[in-house]
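Student: Would you mind keeping the following structure in view while I ask a few things?
The values are calculated or read from the model by the stated rules, or taken from the named source; none is laboratory data. Model, not experiment: these values are computed from the prediction. A quick note on method: Cβ atoms are made from the backbone with ideal geometry, for glycine too, and the neighbour counts reach across all protein chains shown. Surface accessibility is based on the protein's heavy atoms, side chains included, excluding ligands, DNA and RNA. Shrake-Rupley method; radii C 1.70, N 1.55, O 1.52, S 1.80 Å.
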Amino acid sequence: MSGNRWLAGLCLLLAVAACSPKTSPVPSRPQTRQAPPVSTTEAAPKTSVKTPRKKIEAKSSSIALLLPFGLDHLSSARGLSKAQQRMANLSIDYYQGFKLGLDSLTREGYNYKLRIYDSKDEPLQARALGVNTTIQNSNLIVGPVFPDVVKTFATLPAMQNKPIVSPLAPTSPAIYHNNGLITVAPPLEYHARATASYLTRSLGAKKIFILRSGYTDDNKYILPLKRMIDSLGRKKVKVIDFGVVRGSLTALLPQLSRTSENYFVVPSTNQAFLMVTLRSLDTLTQRYPVVLFGHPNWIKYAFLKADLLQHLKTHITSADRIDYRSDEAITFIRTYRNTYHHDPTEYAFKGFDEGLYFGRVLAENDNGLTNLNHEAFTGLHNSFEFVKKPGQGWVNTHVNVLKYINFELKQVE
């Protein structure tokens, strides 16, 4: 952290640290010393809610926010490491976005009590927070953030069936065994399902080639992909599961078409494998039409060049997409800058969307968070379409399909 961001972050951390037990309430009304909060009529994302709006009632919802600020490292002689700085930045950005989301709702007359806790990204701290009666009695618990700490916290007996939001990690909720868990980032299997749906329904694919790297991690994508293809295609879609060795695709040539599209799915995230295999596919395009589908993590990889991906007609699934040209995003960015004196990161956008969504659901539903399947939402960064899974809680299933067009990713579904 540096410059104004460091000062803003330090002020926030000191403010949180000064409270006991590390709490920071959100006022029920916006403070006049801050820039006007984002209002839902001006900057909040459009929502699509299937249930009719209720008249606002005079009640207050309590929210506990558990983020890895790492306050104890501030007094350390070594200071913050780079990894700790990243976690602190993430926490500050998410908190600030989340609070702006609640501020938007307080302008409409809703009331909230927001308490902040430092999860430190440590399982031991997660256990300590899990026995905190104030946290246990909150209407909503947001966090911890990282999977190992979420697992420790969510599997505590006192946390069973509590409304706990996993705000950022796309880890499969099956490992937590908590029916109250709310997983906001769609797990990998829903990306695979979205790919299968797009291939079979939108493109009408009758033959799909899966190119394996040989690593077992590929199965996390391949198995749900195959199940969805079989379900949607009624087992009429032929799936060729092929292990690629040293980039050689020669054995597939007799099964390829020269006149119609050949659909390839590459679920690997291994850099060496991808560099060789994608070049082989690029060579293949000289004789055969190729359409490629990749792993959602490909968006993060600088070694995958846009010109190559576009030439391969590459599609990538993503749950997160910000339209920086939209009026809502522009207004949010302006308000965030005025309030916090630096630009919002993706975590600030995520925090805003989740604060706005869960704050409204809490305030407008007498039964709290028991009917999220009736609360569809389209935000600045995220869209939410929750389903209830036995033993897993609520899972967001909304995934976008993107395609490289004009050297950038554009949403096609």
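Student: Taking region 335-381 as the search range and keeping residues that are modelled with pLDDT of 95 or more and among the acidic types (Asp, Glu), which one is farthest from residue 60 (Cα to Cα)?
Tutor: So, considering only residues that are modelled with pLDDT of 95 or more and among the acidic types (Asp, Glu), the one farthest from residue 60 (Cα to Cα) is 343.
Student: Let me ask something else about it. Could you count how many residues in region 237-255 are assigned to a strand (DSSP E or B), open to solvent by 60 Å² or more (accessible area, probe 1.4 Å) and over 21 Å from residue 198 (Cβ atoms)?
Tutor: Summing the residues that are assigned to a strand (DSSP E or B), open to solvent by 60 Å² or more (accessible area, probe 1.4 Å) and over 21 Å from residue 198 (Cβ atoms) in region 237-255 gives 1.
Student: Please go through region 169-206 and give me each residue that is in contact with a Gly (Cβ under 9 Å, 6 or more places away or on another chain), surrounded by 17 or more Cβ atoms within 10 Å (Cβ to Cβ) and in a loop (DSSP other than H, G, I, E, B), ordered by number.
Tutor: 176, 178, 180, 205
Student: Confirm whether residue 145 is touching a residue at least 60 places away in the same chain (Cβ under 8 Å) and either assigned to a loop (DSSP other than H, G, I, E, B) or on the phi > 0 side of the Ramachandran plot (or both). Explain how you work it out, then say what you get.
Tutor: Working: touching a residue at least 60 places away in the same chain (Cβ under 8 Å): yes; either assigned to a loop (DSSP other than H, G, I, E, B) or on the phi > 0 side of the Ramachandran plot (or both): yes.
Answer is yes for this residue.
Student: So residue 377 clears everything in (1) touching a strand residue (DSSP E or B) at 6+ places or on another chain (Cβ under 6 Å); (2) in contact (Cβ under 8 Å) with a residue 40 or more places away in the chain; (3) surrounded by fewer than 22 Cβ atoms within 10 Å (Cβ to Cβ) except one condition, right? Which one?
Tutor: (3)
Student: Condition first: touching a strand residue (DSSP E or B) at 6+ places or on another chain (Cβ under 6 Å) and without any contact (Cβ under 8 Å) to a residue 24 or more places away in the chain. Can you find one or more residues in region 165-177 that meet it? Full working, then the answer.
Tutor: Taking region 165-177 as the starting set, the residues that turn out to be touching a strand residue (DSSP E or B) at 6+ places or on another chain (Cβ under 6 Å) are 165-167, 173.
Subsequent filtering for residues that are without any contact (Cβ under 8 Å) to a residue 24 or more places away in the chain retains 166.
The answer is yes, given that some residue of region 165-177 is touching a strand residue (DSSP E or B) at 6+ places or on another chain (Cβ under 6 Å) and without any contact (Cβ under 8 Å) to a residue 24 or more places away in the chain.
Student: Name every residue in region 345-374 that is in contact with a strand residue (DSSP E or B) (Cβ under 6 Å, 6 or more places away or on another chain) and closer than 26 Å to residue 195 by Cα, in order of residue number.
Tutor: Passing the criteria: 353, 372, 373.
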